[in-house]
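The structure's right below; bear with me while I get my questions together.
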Amino acid sequence: MMNNTLKAVLLTSLLPFAASAADGMSPWYVGGGVGINDYEPNCDQKTMKTCGADDPYAWDVFAGFLFNDYFGVELGYRDLGRAEWVDYANKLNDVGAKGMSLGLVGFLPVADRWSLSAEAGALNYIIYNNKNYGSEYYSDNGVAPYIGVGIGYDLSDNLKLQAKYRRYENLDEEKWNTLSMESNYYGLELSYRFGSKSQPVLPAPVEVVVGDSDNDGVNDDMDQCPNTPSTHKVDAKGCTVYKEIQESFDIEARFDNDSAAVKEASFGDIKDLANFMTQHPNAEVTIAGHASNTGAADYNMKLSERRATAVADVLINKYGISSSRVSSKGYGITKPVINGSSAEANKANRRIEAHVTGTQKVPALK
């Protein structure tokens, strides 16, 4: 048996590694196994006459310590089962071996939850012969080296199931020099590792307070138009809502009788229109010419067209408004302000109007 001093030295040597547990799992584990053991040479002993019925069932219990996820040490107790035979003296030999084991183990992950293992160590064994149904009993002890391989599957973070093969050498009885055997073991092992994997500590959620910097009623994370004046109406994106307006100008154009030449006295109203057009570059204007109900209607229609065109030319050529923004049209006597041909009606109907048809964006206020 392994002496107490050796056990104490082993356990003491493991203490510095106790902090090696990873992810909250303990480095310690325990387990047990069952299997079938085949002694060699089972039927070739020099004193053997006939083979008997074997009891090959073996078992073991163990405790282990992992230095890391790949390497550790195991201490256990193993019973390798029995073998029987009848010797030349017609006596039944009932032989078995058992004892304490100490070995190193290594693990190699190969796939999700799967791993390979290898081990090497020594069995401090007692080998016995319960001879002739117990009438003769003798035993001896020794140290037998062993090696092993296995394949394992992690049933959970704590449970591992392994299929094992071990080879034991030099299971000898040297006191009487009657037994010299090796052994092949095949079995299953279930182990339990203490501890539990720690869950990552997540930072406490930080409540983000979303403000409304420009006080327009739309939070900053949704506001696509920051710094909107607080007096403006805004849409769902925080942008100013504009209203569209139209402007209309009455131009007091002065013409000589039966003439389309614009007099200098009329330039003031045209200049005001030009200034408005300059300030609103998206605006367009239509110059409308009208005539009094005097003379032939066809002639008045053409005269009103010439006068509207003359005002448009002043707007373009004198004040530099783009021709693409200016159009003209004559209406003759078709749209009188005052019906009839009185002096008052003629004066009111002989006119030039400017209709700004573009838009002027004006913020809608709250």
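All of the numbers you see were taken from the coordinates with simple rules; none came from a lab. From a predicted model like this one, the values you see are computed outputs, not experimental measurements. Reconstructed Cβ throughout: ideal geometry from the backbone, glycine too, with neighbour counts over all protein chains shown.
Taking the beta-carbon count within 10 Å as an exposure proxy, list Trp114, Trp176 from fewest neighbours to most.
In order of increasing Cβ crowding within 10 Å: Trp176, Trp114.
Per 10 Å bin, what is the whole-percent P(r) computed from every C-alpha pair distance within the range 166-325?
8, 17, 12, 10, 9, 8, 5, 4, 5, 5, 4, 4, 4, 3, 2, 0
From Cα coordinates alone, what are the radius of gyration and Dmax values for the range 273-366 in angstrom?
15.6, 54
Let me ask something additional. At what distance in angstrom do the alpha carbon centres of the range 328-357 and the range 156-214 lie from each other?
104
Sticking with this one: What do you get for the angle between helix 267-279 and the principal long axis of the chain? Use alpha-carbon atoms, 0 to 90 degrees, nearest ten.
With rounding to tens, the tilt is 0 degrees.
Taking log10 I(q)/I(0) by the Debye sum over Cα atoms at q = 0.08, 0.09, 0.10, 0.12 Å⁻¹ as the quantity of interest, determine which of (i) -0.46, -0.57, -0.68, -0.90; (ii) -0.51, -0.60, -0.69, -0.87; (iii) -0.65, -0.73, -0.80, -0.95 was computed from the displayed structure.
(iii)
Related question: Taking the chain as the reference, fit the longest principal axis to its C-alpha atoms, fit the long axis of helix 297-313 to the helix C-alpha atoms, and give the angle between the two in degrees, 0 to 90, nearest 10.
60
Under 8 Å for C-alpha pairs, at least 6 residues apart: give me the relative contact order for the range 242-363, rounded to a whole percent.
Normalised by residue count, the contact order of the range 242-363 is 41 percent.
How much FRET efficiency would the formula 1/(1 + (r/R0)^6) give for Asp212 and Lys329, where r is the Cβ-Cβ distance and R0 is 51 Å, rounded to 0.05?
0.55
Any idea what angle helix 4-14 forms with the longest principal axis of the chain, computed on alpha-carbon atoms, 0 to 90 degrees, nearest 10?
Approximately 10 degrees, to the nearest ten.
Next up: Excluding same-chain residues fewer than 8 positions from Lys302, which aspartates and glutamates have a Cα within less than 15 Å of its Cα?
Here the aspartates and glutamates satisfying the reach criterion relative to Lys302 are Asp258.
Normalising by the residue count of the chain, find the relative contact order in percent from Cα pairs under 8 Å and 6+ residues apart.
Averaging sequence separation for qualifying contacts and normalising by length gives 12 percent for the chain.
Among Lys160/Lys197; Lys98/Lys197; Lys131/Lys164; Lys98/Lys164; Lys237/Lys366, which pairs are too far apart, with a Cα-Cα distance over 26 Å?
The pairs that break the limit, which is 26 Å between Cα atoms, are Lys98/Lys197; Lys131/Lys164.
What's the FRET efficiency of Glu136 with Asp112 using the Cβ-Cβ distance as r and R₀ = 51 Å, to the nearest 0.05?
0.40
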